[in-house]
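Peer 1: Structure incoming, see below.
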Amino acid sequence: MPPSAPPSPADSDMPASAASRNEYTVDELARVSDTTVRNVRAYQDRGLLAPPEKRGRVGVYDDTHVSRLKLINHLLSRGYTLANIQDLIMAVDEGHDLRSILGLETAIGGRWSRERPKKYSLIELLQMFGDKASPGALAKAVDLGLLERDGLSFVSGSPTALAAGATLAKEGIPLADLLDAVGIARPHFSAVAKALVDLVVHQLDRYDPDALPPPADVPALVDAIWRVRPLAMVLVESEMNRALEEASGDYLGDRVAAIMEKKLGHAAQSDAGKNKRPKK
């Protein structure tokens, strides 16, 4: 399902300048929110989750539902019961405009990627990666979270990254080495991500840490956070490009220097041999 158009100011407290939102079926919502369809239905019945927008016979969810489910999952992991969570959400809703608070939840906790998960059969993966898609490689991809098992199929959270990996594999890069590189790089990406999330959440530092921002400030705060998010991604891309240029330049320079040194050494030895005359 394609991303929805940006909501108009008349329809939502979300600013028109905020980017268009993702839309999900109930199955897709459950997958991206790390829950089950059954839980989604149960949360709706208890009033913890807003009902979807009806389009014909299809219920359409968006990133506000993802953010609410992430909040519920987080509170459950902290030991709260559903009854506790219901009380907390009701308290929030009673003191603040619901749409503004959901907008704040989405701006802070919403997904950063606009990619939609995609399901692949084993045959499709073999077509993409050839014989490199061995059982061991697939198991490692699952361990890294690049693929998720779904019965006899697999789900990729980033089809673009999967396609890039397939292209690299076809260019001769061993899939095992590529997966090792992902494992090595991930802690560094996690550190970068934390720094960038801190930049976004820093917008809240002006307020009481034990209270929500005043309702009148929420729309402008949401707008500011949505402006910061894409700038953080621009910073990541710029710094990654710089690092790749430096790393490839250093490696290429060292390798060329070693080759030239070796060739010059051979040439010097050859010249010395030619100039050496046999004794009479």
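Peer 1: When you check Ala18 against the structure, is it of a type outside the set (Ser, Thr, Tyr) and modelled with pLDDT under 90, yes or no?
Peer 2: The answer is yes for Ala18.
Peer 1: Still on this structure, I have one more. Going residue by residue through the range 221-240, is there one that turns out to be on the phi < 0 side of the Ramachandran plot, hydrophobic (A, V, I, L, M, F, W, C) and not in a helix (DSSP H, G or I)?
Peer 2: Within the range 221-240, none of the residues are on the phi < 0 side of the Ramachandran plot, hydrophobic (A, V, I, L, M, F, W, C) and not in a helix (DSSP H, G or I).
Peer 1: Follow-up question, since we're still on this one. Which condition number does Asn241 fail, the rest of (1) more than 27 Å from Arg114 (Cα to Cα); (2) polar (S, T, N, Q); (3) modelled with pLDDT of 75 or more being met?
Peer 2: Evaluating Asn241 over (1) more than 27 Å from Arg114 (Cα to Cα); (2) polar (S, T, N, Q); (3) modelled with pLDDT of 75 or more leaves (1) as the failure.
Peer 1: For residues that are of a type in the set (Ser, Thr, Tyr), assigned to a helix (DSSP H, G or I) and closer than 20 Å to Glu148 by Cβ, tally how many sit in the range 28-54.
Peer 2: 0
Peer 1: Go through (1) modelled with pLDDT of 75 or more; (2) farther than 30 Å from Leu144 by Cα; (3) among the polar types (S, T, N, Q) and name the single condition Gln203 misses.
Peer 2: Failed condition: (1).
Peer 1: What is the residue count in the range 128-156 for residues that are touching a Phe, Trp or Tyr at 6+ places or on another chain (Cβ under 9 Å), part of a helix (DSSP H, G or I) and not β-branched (Val, Ile, Thr)?
Peer 2: 4
Peer 1: Mind listing whichever residues of the range 228-254 are of a type outside the set (D, E, K, R), within 21 Å of Ala193 (Cβ to Cβ) and without any contact (Cβ under 8 Å) to a residue 24 or more places away in the chain?
Peer 2: Of everything in the range 228-254, those that are of a type outside the set (D, E, K, R), within 21 Å of Ala193 (Cβ to Cβ) and without any contact (Cβ under 8 Å) to a residue 24 or more places away in the chain turn out to be Leu231, Val234, Ser238, Met240, Asn241, Ala243, Leu244, Ala247.
Peer 1: Can you name the residue in the range 104-158 that is of a type in the set (S, T, N, Q) and modelled with pLDDT under 85 and, of all such residues, is farthest from the chain's Cα centre (by Cα)?
Peer 2: Thr106
Peer 1: What about Leu252, is it part of a helix (DSSP H, G or I) and at pLDDT 80 or above?
Peer 2: No: the conditions fail for Leu252.
Peer 1: Answer yes if at least one residue in the range 55-63 is surrounded by 13 or more Cβ atoms within 10 Å (Cβ to Cβ), part of a helix (DSSP H, G or I) and at pLDDT 85 or above, and no otherwise.
Peer 2: Checked against the condition, which is being surrounded by 13 or more Cβ atoms within 10 Å (Cβ to Cβ), part of a helix (DSSP H, G or I) and at pLDDT 85 or above, the range 55-63 yields at least one hit.
Peer 1: In the range 135-169, what residues are surrounded by fewer than 13 Cβ atoms within 10 Å (Cβ to Cβ) and either hydroxyl-bearing (Ser, Thr, Tyr) or farther than 26 Å from Arg111 by Cα (or both)?
Peer 2: Within the range 135-169, Pro135, Gly136, Leu152, Thr160, Thr167 qualify.
The values are calculated or read from the model by the stated rules, or taken from the named source; none is laboratory data. Just so it is clear, the structure is predicted and the values come from calculations on it, not from any experiment. Cβ coordinates were reconstructed from backbone atoms using ideal geometry, including for glycine residues, and neighbour counts include every protein chain displayed.
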